[in-house]
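Working notes for the structure below.
The values are calculated or read from the model by the stated rules, or taken from the named source; none is laboratory data. From a predicted model like this one, the values you see are computed outputs, not experimental measurements. A quick note on method: Cβ atoms are made from the backbone with ideal geometry, for glycine too, and the neighbour counts reach across all protein chains shown. These accessible areas exclude ligands, DNA and RNA; they are computed on the full protein's heavy atoms, side chains included. Shrake-Rupley method; radii C 1.70, N 1.55, O 1.52, S 1.80 Å.
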Amino acid sequence: MTTDEPGHPPSLWAATAKPASETTRFEGSAKVDVAVIGAGYTGCSAALHLAEGGVDVMLLEALEIGSGAAGRNFGLVNPHFRTLPSEINRLVGEEVGARMNTVFSAGSDLVFDLIERHEITCDAIRAGTLQVGVSPRRVKMVRAFHEEHAAAGAPNEWVDAERLARMTGSPIFRGGYFDRRAGTIQPLSFARGLARAAKACGARIHTRSRVVSIKRQGTGWALATARGAVSADHIIVATDAYSDDLMPAIQAAMVPMWTHVAATAPLSPNLRNTVLPGGVSLSLQQLVPEHFRTDIDGRLLAVTLGHEIKARWSPLSRWVPNRVRRTFPHLGEQTVEFRWDGVLGISPDHLPSLHEPAPGLHVPLGYSGRGISSATTMGKYLALRILGAPDREFPAPIRPARPARMRRLHALYYEAALQAGRLLGMVS
């Protein structure tokens, strides 16, 4: 299917999202307290929380609400990072690590609270997620992850193979853990809902208004778009992996990693309750992680790393049918109705951070595949920071943007390895 919207790639989300609020291109001049660049989860969350705090805020988006990762991702609301709590403490220090582990592990609570409080219609289902392994080695890795999170107070429970078969509809998993805090959403509808809520609270939102320059102006900042100029006391650059050349330091600090998402046609009524019943999501611990979920219409969705080559045939062209057949053999051959790609910004330590190259200039980056809960959380705490919260309350490291060494070479290497592995049948 090739449905599309201006500013969005053809995808299931573009085809089914709730309409966005009416917005206009920015023209003329304006003075605001805070200008936010980028209408993804970080930008929309920051604009919402700033507007709720009485701040005069303007949100400027180059394309449309959710045009970047917010409208392309898998829609899985995860309550934790891929990095273990103990490793986070080692990487960023005990004090920041403790805040990071506490605040970001509550990120899924924040997402679902915002959905309820602002009545955001985004197909939200909070049925939890399963992290599973097939081989004994992978099961051992999953159990270690479970035990550390459980020791830190996470409501995780270990699930044996027999129960996993009932919870997933698949007979192949040998062990895993269940985290009740997770859920799934229609991610583009959520981004649009955040923007709508921010607008209702007084935020000014302009789309098709790419910022082309940022300059220091006295003690504040001056931004220019193609048709306008904005002066602000603070700027939040919330573009992450979809940054252009406006701030080269953002791109240099992350390795771009492509992801490929696919959705089947709706499963027949007799099959819907046999695959991930109740809306639970599924993550496979393996060399190339893969995730599965269903949507409100009974489609089966899958995501993996890699980029579908725009050619007559790609190593990913048969990935979904093959993987569905191997994971859920009773489904047989299913029609793939949607395919789309997105980009993750992978930071050197796989953790988000805040870069502040000058007073009043705030640049969050590096969500590394945990964008929905982490970016929404970062947006809230950026707002609190601008409203006067001290450094000691910020839940992420505040540090210079560290260049990712040989970032383009790493990106090419990962992509080539993934494609070669699929050609050889190693990670398909």
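Brief remarks on what is shown
- Restricting Arg143, Arg181, Arg138 to residues that are open to solvent by less than 50 Å² (accessible area, probe 1.4 Å), among the charged types (D, E, K, R) and part of a helix (DSSP H, G or I) narrows the list to Arg138.
- Ile236 touching a residue at least 60 places away in the same chain (Cβ under 8 Å), open to solvent by 10 Å² or more (accessible area, probe 1.4 Å) and hydrophobic (A, V, I, L, M, F, W, C): no
- Candidate set: segment 287-302, residues that are open to solvent by 40 Å² or more (accessible area, probe 1.4 Å) and at pLDDT below 95; chosen: the one farthest from Ser11 (Cα to Cα): Leu287
- Residue list for segment 266-296, restricted to those being out of contact with any Leu (no Cβ under 9 Å at 6 or more places or on another chain), in contact (Cβ under 8 Å) with a residue 60 or more places away in the chain and at negative phi: Pro277, Leu284, Gln285, Gln286, Leu287, Ile296
- Going through (1) open to solvent by less than 10 Å² (accessible area, probe 1.4 Å); (2) modelled with pLDDT of 85 or more one by one, Ala253 falls short only on (2).
- Given (1) in contact with a Gly (Cβ under 6 Å, 6 or more places away or on another chain); (2) of a type in the set (Val, Ile, Thr); (3) closer than 29 Å to Glu52 by Cβ, index of the condition Val139 fails: (3)
- For segment 244-265, the criterion of being without any contact (Cβ under 8 Å) to a residue 60 or more places away in the chain and in a strand (DSSP E or B) is met by no residue.
- Counted residues, segment 50-61 - those being assigned to a loop (DSSP other than H, G, I, E, B) and either closer than 9 Å to Ala39 by Cβ or open to solvent by less than 20 Å² (accessible area, probe 1.4 Å) (or both): 1
- Scope segment 1-36; condition assigned to a strand (DSSP E or B), modelled with pLDDT of 95 or more and either open to solvent by less than 80 Å² (accessible area, probe 1.4 Å) or among the small types (Gly, Ala, Ser) (or both); matching residues: Thr24, Gly28, Ser29, Ala30, Val32, Asp33, Val34, Ala35, Val36
- Residue that is nearest to Asp109 (Cα to Cα), among those in segment 67-79 that are modelled with pLDDT of 95 or more and open to solvent by less than 10 Å² (accessible area, probe 1.4 Å): Val77
- Among the residues of segment 266-281, those identified as surrounded by fewer than 20 Cβ atoms within 10 Å (Cβ to Cβ) and part of a loop (DSSP other than H, G, I, E, B) are Pro266, Leu267, Ser268, Asn273, Thr274.
- Residues of segment 149-169 include none that is open to solvent by 20 Å² or more (accessible area, probe 1.4 Å), among the β-branched types (Val, Ile, Thr) and closer than 30 Å to Thr274 by Cα.
- Check on Leu316, modelled with pLDDT of 85 or more and open to solvent by less than 10 Å² (accessible area, probe 1.4 Å): no
- Scanning segment 151-178 for residues that are more than 24 Å from the chain's Cα centre (by Cα) and in a helix (DSSP H, G or I) returns Ala151, Ala161, Glu162, Arg163, Leu164, Ala165, Arg166, Met167.
- The strands (runs of 3 or more DSSP E) located wholly in segment 314-370 that include 2 or more residues which are farther than 30 Å from Leu387 by Cβ occupy 336-346.
- Matching option when the condition is surrounded by fewer than 23 Cβ atoms within 10 Å (Cβ to Cβ), modelled with pLDDT of 95 or more and in a helix (DSSP H, G or I), among Glu64, Glu116: Glu116
- Any chance Ala39 is within 24 Å of Ile398 (Cα to Cα), surrounded by fewer than 24 Cβ atoms within 10 Å (Cβ to Cβ) and touching a strand residue (DSSP E or B) at 6+ places or on another chain (Cβ under 9 Å): no
- Residues that are touching a Phe, Trp or Tyr at 6+ places or on another chain (Cβ under 6 Å) and of a type in the set (Val, Ile, Thr) do occur in segment 143-161.
- Selection count, segment 232-266, where residues are within 20 Å of the chain's Cα centre (by Cα) and of a type outside the set (Gly, Ala, Ser): 16
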